[in-house]
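**Student:** Below are the structure tokens for one structure; questions will follow.
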């Protein structure tokens, strides 16, 4: 059976999304303090976290499924998950060179 996406990478990205959602919550409440008038704090945090996590779960899946087709893979994270030695600076330099070459071609 062919793997659609790298599930280990999917769950790591989803966990990062979940943690970031919780960390942004105080900022959200500072921007809209009237949210606490509408519902209790616990319910607000639970619904906001659930909504954001479900939304990002779908988007991360679509992004990882399309990554190999479009060439926008994440070799640093994938190599790190495979236990390979990763050199992110060399990868970034090669991507910058490819981007400059493509922009010159377009111009």
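Every number in this text was worked out from the coordinates using simple rules, so none of it is lab data. Small disclaimer: the values here were computed from a predicted structure and weren't measured. Glycine also receives a Cβ, built like all others from the backbone with ideal geometry; neighbour counts cover every protein chain displayed.
**Student:** Full extension from residue 31 to residue 54: what is 0.36 nm times the residue separation minus their Cα-Cα distance, to one decimal in nm?
**Tutor:** 6.0 nm
**Student:** In which sequence would 3, 8 go, from the one with the fewest C-beta neighbours within 10 Å to the one with the most?
**Tutor:** 3, 8
**Student:** At 0.36 nm per residue, minus the direct Cα-Cα distance, what do residue 24 and residue 47 gain on full extension? Give it in nm, one decimal, please.
**Tutor:** Value of the extension gain: 6.9 nm.
**Student:** Under the rule a/c < 1.5 gives rounded, and otherwise a/b versus b/c splits prolate from oblate, where does segment 1-84 land using the Cα gyration tensor?
**Tutor:** Values: a/c = 3.12, a/b = 2.62, b/c = 1.19.
Prolate, since a/c reaches 1.5 and a/b exceeds b/c.
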